[in-house]
Amino acid sequence: MNDRQEVMKREGSELERRQDAPVMAIVPPVDVFEDGEGITLQLDMPGVTKDRLKLEANRQALTIEGDAFVDMPEGMQALYADVRSTHYRRSFVLSDELETDKTEASIKDGVLTVHIPKRAEVRPRRIEVQAG
């Protein structure tokens, strides 16, 4: 592994139960954007598909886990791999301003996009000015 990639140990989760040693998890890089409507997170999770992804959100936290599947061509095997784990895991502490029950997520080309809107009362409102 290179020094740019963060790794952490975790116990087996519901997504992947392993009875042996703790599983190594890759902490995926993330970009976080905020606007008046909410926050958007974009995580790089190459090899992860929708059916191998798990997101849990409550009022205080967002947890994302996913397992990558690396498809090897028939008759070939890897001789060397920089990444030894194919399990991703990342957690975030969330603000009370967010409506986690309206969280939306999509994954395309190994990039997971998660959008969490702000509660209506904390969103900026345009106030119409009356003439007259």
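Assorted remarks:
- Residue check for residue 123: surrounded by fewer than 16 Cβ atoms within 10 Å (Cβ to Cβ), more than 13 Å from residue 34 (Cα to Cα), in contact (Cβ under 8 Å) with a residue 12 or more places away in the chain and over 18 Å from the mean Cα position of the chain (by Cα): no
- The stretch 12-43, residues that are among the polar types (S, T, N, Q), at pLDDT below 90 and within 16 Å of the chain's Cα centre (by Cα): 13
- The residue of the stretch 112-125 that is modelled with the highest pLDDT, among those that are of a type outside the set (A, V, I, L, M) and outside any strand (DSSP E or B), is 119.
- The one condition from (1) surrounded by 12 or more Cβ atoms within 10 Å (Cβ to Cβ); (2) modelled with pLDDT under 95 that residue 130 does not meet is (1).
- Qualifying residue in the stretch 85-102 (condition: touching a residue at least 24 places away in the same chain (Cβ under 8 Å), of a type in the set (Lys, Arg) and closer than 14 Å to residue 57 by Cβ): yes
- The residue of the stretch 44-78 that is modelled with the lowest pLDDT, among those that are among the polar types (S, T, N, Q) and loosely packed, with under 11 Cβ neighbours inside 10 Å, is 77.
The values are calculated or read from the model by the stated rules, or taken from the named source; none is laboratory data. Please read all numbers here as calculations on a predicted model, not as lab measurements. Every residue, glycine as well, gets a Cβ built from its backbone with ideal geometry; the counts of neighbours run over all protein chains shown.
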